[in-house]
Every structure is written in C-alpha cells, then in structure tokens.
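Undergrad: First the structure, then my questions, so here it is.
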Amino acid sequence: MSETFAVVNCSQLVTLAGAHRPRTGGDLRQLAIIEDGAMLVRGDTIEAAGRRREIESLINNDCEVIDAGRRVVMPGFVDAHTHPVFAGIRANEFEQRASGATYREIAARGGGIRSTVRTTRNASLADLVKSGKRYAEWFLRSGTTTIEAKSGYGLTLEDELKILRAIKQLNEETPLHYVPTFLGAHDVPSEYRSRRQTYVSLVVNEMLPRVAQEQLAEYCDVFCEQDVFTNDESWEILSAARCHGLGLRVHADQLSLSGGAKLAAELNAATADHLEHTDVTGIAALKAAKVQPVLLPGSVYALGSNDYPAAREMIEAGLAVVLATDFNPGSSPTPSMPMILSLACTQMKMTPAEAIIAATINAAYSLARGDQIGSLEKGKRADFVIHEPSDYRELAYFFGIEHPWRVYASGKLVCQKPDR
Ligand code: NIG
Ligand code: FE
C-alpha cells in the first residue's frame with residue numbers, strides 16, 4: 001500500500017480549486033483559500049484538501065502528520081517557458097549591457113544566442129546533464145515543480161537531439177518535471193546566414209521528423225522576430241510541426257511588433273510568449289483564437305528595458321494570462337518564480353492573486369496539464385510547497401529571498417530549509 005501523510009495547520013491552503021479551465025477575468029483572482037486548511041496525500045496523489053477537522057477525521061494511526069506551522073501551502077509553481085539546457089554563461093555580455101550596449105547590438109556582432117550555441121555544441125550530453133541538474137536544484141529551491149524546457153542552443157540535428165536527450169534524462173533523474181519543447185528555430189546559425197532557406201528546410205525536413213519520431217518533444221517553438229525568423233519562415237516551421245502532432249508555442253513581438261501574436265493566433269498555437277510590443281489588434285487576435293499569453297517580465301528586467309507587456313489590457317480583454325521566468329543565460333538568468341511574481345505586481349500591475357494563478361493553474365493549462373497539476377485538488381499530483389509566510393501576498397511582496405520551507409514533488413520531500 002502506498003504511503004499516506006497529512007499536512008495540517010496551514011494558515012492558508014491556497015487550493016486554486018475551481019472551474020476546469022484556464023482562469024480569466026474575475027476567476028483570475030479566486031484563489032479558493034481554505035483558512036486553517038489541511039491536505040491528505042497518498043503516494044504521489046492528493047487524496048483530499050479541506051478544513052483541518054475534515055482531514056483529521058480521515059487520518060488513521062499509521063498516517064504521518066506534517067505540521068505546516070501556520071505557513072502558506074500552495075501548488076508548486078509551473079514555469080511554462082524556460083531554456084534550462086546550455087553550456088557556459090554570458091556574464092561578459094551582462095557587463096557590456098551595463099556599459100550601454102544593447103541585446104541586439106551584442107547579437108549582431110556574433111554574441112547573444114550564437115555565443116551560447118558555440119559553447120553548447122562543444123559540450124557533451126553528460127556536461128549538459130550536469131549543469132542542468134544544478135539548475136534543476138535552483139528551480140526546486142524557489143518552489144517550482146514543473147518546467148517547460150526548450151532546446152535551441154544546438155542548431156544542428158545532432159546538437160538539438162543532444163539537448164532534448166539531456167532534458168529527457170533530467171526528467172528521469174531529478175524530482176523536477178520537464179515538458180520538452182523543440183526550438184531548432186531559435187536563431188539562424190552562423191554557417192547558414194547566407195542561405196537561410198536551407199536552414200529552414202533542415203529544421204522542417206530533418207530535425208522535426210527525427211524529434212517527432214523519437215518522441216523527444218511535445219511542443220515546437222520559433223523565435224519570430226526581425227533579424228531572426230520572419231513570419232513566413234515561422235509559419236512554415238510551425239505548420240510542419242503541427243503535422244507531426246506537436247503543440248505550438250511562439251516567441252512573439254519580444255523586441256519589436258513583428259506580428260508574432262497574430263501568427264500564433266492564425267496557427268491556433270497553445271501560447272504566444274513575450275508580447276512586449278503586441279498591440280490591441282494582436283491582443284484581440286489572441287482572444288479570438290484562445291491563445292494563452294505567456295508573459296516574461298524577468299527578461300524585460302534583466303535587459304534593463306521598460307517595455308513590460310500590457311498585462312492589464314490582456315486581462316481586461318479576457319485572456320488566460322501565464323507568467324514564466326524565461327530562464328536562460330542571456331536575457332533572463334533567473335529560475336525564481338517569486339521574483340517574477342514581484343515584477344508582475346510592481347511593473348505590470350497584476351494583483352498577487354492574479355500573479356499566483358498565472359504562475360500555477362493557468363501555466364498548467366498552457367502545457368495541457370490542467371487536469372494533473374497547478375491546483376491542490378483530489379486526484380492531482382502532490383506537487384506542493386510549504387512557504388514560510390503565513391499570507392500568500394507576502395510571496396510577491398518580499399522579494400529577493402527564497403520563500404519555500406519545504407518543497408514536495410510527486411508526494412516526496414525534495415527540498416527543505418534547515419529548521420531554526
Ligand atoms: O526568450 N528570445 C529568444 N530567446 C531567449 C533569449 C535567449 C538568449 O539570449 O540566450 C528569450 O529571451
Ligand atoms: Fe525564451
């Protein structure tokens with residue numbers, strides 16, 4: 001029989017129970033909090049969540065009881081946009097940007113994504129798994145239990161497969177759950193700059209079929225942007241991906257209004273990500289096609305820009321907003337969802353409740369996992385965090401510190417702070 005344990009004495013059990021769909025409008029503020037809540041877990045699954053009395057009546061003698069000590073308990077964060085497998089870091093470019101260079105200028109002189117591509121091509125699968133494990137630990141420590149993980153720093157068939165295999169191995173060997181995305185169209189590699197169409201054909205005719213055949217990805221993403229992939233090229237790649245049964249995500253309107261949001265809508269993508277420059281027409285197109293916007297304020301912050309996406313307008317328009325870190329070595333070197341909550345509230349005027357929903361249940365739906373994770377409800381996977389504060393608003397209010405006291409993934413304790 002699988003092990004059973006109860007978590008009791010939660011000041012707030014932030015269940016996020018509600019309609020079985022991505023949350024929009026007023027539902028984006030409904031956290032379904034149970035004061036003095038408790039939860040019963042059997043094996044890797046939530047058996048019940050409710051008032052302390054109710055749960056205590058279900059407990060028998062061999063049930064372990066964990067006292068949450070009047071802390072907040074909520075689902076693990078679901079980070080729906082990350083680039084967590086790469087070699088080397090780019091602290092040098094960070095320093096150059098601090099001295100006035102822009103992200104685009106650095107990219108134009110061969111730095112940026114292409115710099116990480118060079119180091120990642122030289123790394124072995126084992127090297128990538130090793131650094132990936134270090135980052136997995138960082139995600140868990142800040143309370144994240146599932147991440148979407150993109151390839152995109154290989155840009156040859158073999159190097160893209162190597163990254164996706166590293167993601168598969170990380171999923172098997174760490175307690176963090178990974179949802180893999182193929183991003184072979186993250187940049188046009190240096191050797192194809194004068195023959196872009198040949199690279200697009202390589203992605204479509206060689207990479208995508210292999211990735212699909214080996215079942216190494218659930219989604220395909222494209223960096224649709226001026227100087228990167230045009231709308232037509234993005235269209236060609238994403239439609240081919242759809243024919244292989246992959247879901248679609250798009251890096252859209254990040255550095256300029258390039259029409260990526262409209263493209264995501266036309267292709268019925270699951271998500272359009274970034275959207276720093278998306279206009280009202282783009283927002284309306286996302287709404288009509290039910291595409292979820294994934295907002296990444298960490299990259300705006302780390303690039304020293306003020307172009308935060310129009311979160312309020314998107315919420316007013318009825319979009320099921322998602323928040324994610326965009327963890328990567330260039331534009332957003334943070335794995336911390338609490339930092340993203342802080343930025344969402346201070347820079348994009350989302351409320352703490354909206355930010356929490358965008359970082360959990362809405363993110364889960366954007367990864368087609370709304371029925372498995374993202375809320376604390378009977379039958380869902382027991383991915384949850386006991387955070388030190390007693391009020392959920394403190395998660396966004398105090399920033400720059402790690403809130404989790406204990407982190408559980410699939411019903412197992414995977415991270416804990418020493419007791420003081
Ligand atoms: O989402 N925009 C493209 N990709 C990443 C940046 C990757 C990098 O700079 O290495 C992003 O911001
Ligand atoms: Fe990204």
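Undergrad: On the given criteria, is Glu148 among the acidic types (Asp, Glu), closer than 30 Å to Val414 by Cβ and within 14 Å of ligand 1 (Cβ to nearest atom)?
TA: Judged against the criteria, Glu148 is a match.
Undergrad: If you scan segment 142-161, which residues turn out to be within 15 Å of the chain's Cα centre (by Cα) and either assigned to a helix (DSSP H, G or I) or at positive phi (or both)?
TA: Once the filter is applied, which keeps residues that are within 15 Å of the chain's Cα centre (by Cα) and either assigned to a helix (DSSP H, G or I) or at positive phi (or both), segment 142-161 yields only Gly143.
Undergrad: Inspect segment 77-87 for any residue being open to solvent by 10 Å² or more (accessible area, probe 1.4 Å), at pLDDT 95 or above and under 30 Å from Ser299 (Cα atoms) and give the result as yes or no.
TA: yes
Undergrad: Go through (1) among the hydrophobic types (A, V, I, L, M, F, W, C); (2) under 15 Å from the mean Cα position of the chain (by Cα); (3) within 16 Å of ligand 2 (Cβ to nearest atom) and name the single condition Val321 misses.
TA: Here Val321 meets the rest and fails (3).
Undergrad: Within segment 264-282, work out how many residues are among the aliphatic types (A, V, I, L, M) and open to solvent by 10 Å² or more (accessible area, probe 1.4 Å).
TA: Selection size over segment 264-282: 3.
Undergrad: Identify, please: which residue in segment 94-120 is under 20 Å from Pro84 (Cα atoms) and open to solvent by 70 Å² or more (accessible area, probe 1.4 Å) and is, among those, farthest from ligand 2 (Cβ to nearest atom)?
TA: Arg118
Undergrad: Filter the helices (runs of 4 or more DSSP H) completely within segment 264-353 down to those with at least 2 residues that are hydrophobic (A, V, I, L, M, F, W, C) and away from ligand 1 (no atom under 16 Å from the Cβ).
TA: Passing ranges, in order: 280-289, 311-316, 337-347.
Undergrad: Given the conditions (1) within 16 Å of ligand 1 (Cβ to nearest atom); (2) open to solvent by less than 60 Å² (accessible area, probe 1.4 Å), and given that Leu257 satisfies all but one, which numbered condition is not satisfied?
TA: Going through (1) within 16 Å of ligand 1 (Cβ to nearest atom); (2) open to solvent by less than 60 Å² (accessible area, probe 1.4 Å) one by one, Leu257 breaks only (2).
Undergrad: Further question: Being hydrophobic (A, V, I, L, M, F, W, C), part of a loop (DSSP other than H, G, I, E, B) and in contact with a Ser or Thr (Cβ under 7 Å, 6 or more places away or on another chain) is the filter here, so list the residues in segment 37-69 that pass it.
TA: The answer is Cys63, and nothing else.
Undergrad: Picking from Ala288, Ala265, Ala217, which residue would you name as being within 20 Å of Pro180 (Cβ to Cβ) and either at pLDDT below 95 or assigned by TED's automatic domain parsing to the domain that holds Ile106 (or both)?
TA: Going through Ala288, Ala265, Ala217 in turn, the sole match is Ala217.
The values are calculated or read from the model by the stated rules, or taken from the named source; none is laboratory data. In this text, all values refer to a predicted model and were calculated from it rather than measured experimentally. Backbone-built Cβ (ideal geometry, glycine too); neighbour counts: all protein chains shown. SASA here: full protein model, heavy atoms, side chains in, ligands and nucleic acids out. Shrake-Rupley method; radii C 1.70, N 1.55, O 1.52, S 1.80 Å.
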